[in-house]
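Input: a single structure, listed below in structure tokens.
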Amino acid sequence: MMKYIKIILMTLLVLVLPSSCIKEDFDDCDNVTIYFQYLADGDQDVLYQYMKKIDLYVFDEGGHIMGVGHYNEDELKTFSAKPSFKLTPGRKYKVVAVGNAYERTEVVNLTSETEFNKIYLQHPAWGTDDEVDGHDHNYIGQEEFFIPSKDEFTVYRDTVTLYSAHVNVDIEINGLPAPEAIRAGEEMPYKLMIEQSNAQTDFEGNINDAEEAKGTCYPELIYDAEKGCYRTDDFALFRMDNEGELDESCCEHELVLSTADGKELIRGSLYNFIKRNEKYIDVTKQEAYLPIEINFIETDVTIKLPSWYVEDVQPDWQ
């Protein structure tokens, strides 16, 4: 399998490189140009503000992978990321763009003939003995098109609009004793887990909501000495909505905080928390944001929206 993927990648790079084109001789001319855009939650293209990298996958009408191109931050910022390549006229094609596929993203099931809802983005540690620590801030978009057969040479142009495949999450924990010392490699005294977390997003931008595609995510906790709290940093989960609606089958997440030796301190449903605070939290937005504050006060514990996020609200897990 790995050998096959390497061959594909080598083919891709050749595919999307601009070909030489001699005026009045169009045999070697590129006849397809693709543009990218991302509108976030507005109506203006803000792609370069959110994406540092885009991978473009090209498929023929039978779903066979033909190639992939990689476009970096500089190209996105200067709007020079305009894939150009040659495809045979008279056929249908499909392109899929994946944004921000870094160390926490891998593409699986990219075989010679695969349905697009069976090709997944996932964390490389998913299905292994290693811990999934969150996801990249992924985006995904697709476009199908047909190149008509014409006597004269024409260039087909199309735009792929990308959509968010993640939710930004900030979790802050107050009232627990500061670590005595945190040295390189030393274990944190507390462990945060998101059980029943969505593990895969398909090439059509949908969550795989099958039970076997859910697992535990272990976001890294850091101790913020200035604020006197434990918190997550640069943490994202896959989406929790289905076609713009919060969906319980896509949001079965359980937030669990325990001591390092496994003593559970608190557990709660993210779905219930979001529903109780839907006036303030909208995880269906493109740039969805989920802030959570856990406060340990003497013998009591409260879980709420951070005070800096919204005033006069006292949500709980009940």
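For the reader, a short list of remarks on this structure follows.
- Members of the range 189-229 found to be at pLDDT 95 or above and basic (Lys, Arg), listed by number: LYS191, LYS214
- Hey, GLU204 open to solvent by 20 Å² or more (accessible area, probe 1.4 Å), under 20 Å from GLU106 (Cβ atoms), not in a loop (DSSP other than H, G, I, E, B) and not basic (Lys, Arg) or not: no
- Among all positions in the range 187-197, there is at least one residue which is touching a strand residue (DSSP E or B) at 6+ places or on another chain (Cβ under 9 Å), of a type in the set (D, E, K, R) and open to solvent by 30 Å² or more (accessible area, probe 1.4 Å).
- For GLY67, the conditions (1) within 22 Å of the chain's Cα centre (by Cα); (2) in contact (Cβ under 8 Å) with a residue 24 or more places away in the chain; (3) over 28 Å from ASP247 (Cα atoms); (4) open to solvent by 20 Å² or more (accessible area, probe 1.4 Å) are fulfilled apart from (4).
- Taking the criterion of being at pLDDT 95 or above and assigned to a loop (DSSP other than H, G, I, E, B), the residues of the range 253-276 that qualify are HIS253, LYS263.
- Positions within the range 214-272 being out of contact with any Asp or Glu (no Cβ under 8 Å at 6 or more places or on another chain), under 26 Å from PRO124 (Cβ atoms) and among the basic types (Lys, Arg), in sequence order: ARG239
- Residues that are under 30 Å from VAL68 (Cα atoms) and out of contact with any strand residue (DSSP E or B) (no Cβ under 9 Å at 6 or more places or on another chain) are absent from the range 219-229.
- Residues in the range 230-249 that are modelled with pLDDT under 95 and either among the small types (Gly, Ala, Ser) or open to solvent by less than 10 Å² (accessible area, probe 1.4 Å) (or both): 2 in all.
- Residues considered: ALA97, ALA101. Of these, the only one that is part of a loop (DSSP other than H, G, I, E, B), touching a residue at least 40 places away in the same chain (Cβ under 8 Å) and of a type in the set (Gly, Ala, Ser) is ALA101.
- Being surrounded by 17 or more Cβ atoms within 10 Å (Cβ to Cβ) and in contact with a His (Cβ under 6 Å, 6 or more places away or on another chain) holds for only one residue in VAL132, VAL96, and it is VAL132.
The values are calculated or read from the model by the stated rules, or taken from the named source; none is laboratory data. Here the structure is a predicted model, which means the values were calculated and not measured. Ideal geometry is used to build each Cβ from the backbone, glycine not excepted, and the neighbour counts take in all protein chains shown. Accessible surface is based on the protein model in full, side chains and every heavy atom, while ligands, DNA and RNA are left aside. Shrake-Rupley method; radii C 1.70, N 1.55, O 1.52, S 1.80 Å.
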